[in-house]
Amino acid sequence: MPKISETATFILTLLNNIDELVVKSFDKRSALEVMQALRIYAKNKDFPLNEERIDNFEAVLLDARPYTISMIIKDIADDVMTAEMKNKKNKLSS
């Protein structure tokens, strides 16, 4: 398994926490706050995020079923890993 950066690890941890807030605790308001914090953290670390997916998460959060929200979170996590691998590849080729 490839080693990932601290930034990507922290973002993935936050995504996991968001998922648990939605699925286990049914605390969607706190999940929204954590997602907003994640967005700020990634911006400060210059980590690329798929803003459209995050906007979609925020738009459907209050009305969607937990499974739907989990799938959006999984897609965001996949995007994080894709960006991480792309960053690693660019650093290796530099």
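Annotations for the structure displayed:
- Ala64, sole failed condition from (1) over 12 Å from the mean Cα position of the chain (by Cα); (2) among the aliphatic types (A, V, I, L, M); (3) surrounded by fewer than 12 Cβ atoms within 10 Å (Cβ to Cβ): (3)
- Filter result for Asp46 (surrounded by fewer than 15 Cβ atoms within 10 Å (Cβ to Cβ), within 14 Å of Phe10 (Cα to Cα) and charged (D, E, K, R)): yes
- Within the range 35-48, tally of residues that are within 12 Å of the chain's Cα centre (by Cα) and over 16 Å from Ile18 (Cα atoms): 2
- Pairs, first of a type outside the set (A, V, I, L, M, F, W, C) in the range 8-30, second exposed (fewer than 15 other Cβ atoms within 10 Å of the Cβ) and at pLDDT below 95, C-beta under 7 Å, six or more apart: Lys28/Leu62
- Selection count, the range 54-74, where residues are in contact with a helix residue (DSSP H, G or I) (Cβ under 9 Å, 6 or more places away or on another chain) and farther than 17 Å from Asn17 by Cβ: 6
The values are calculated or read from the model by the stated rules, or taken from the named source; none is laboratory data. As the structure is a computational prediction, the values presented were derived from the model and not from experiment. Glycine also receives a Cβ, built like all others from the backbone with ideal geometry; neighbour counts cover every protein chain displayed.
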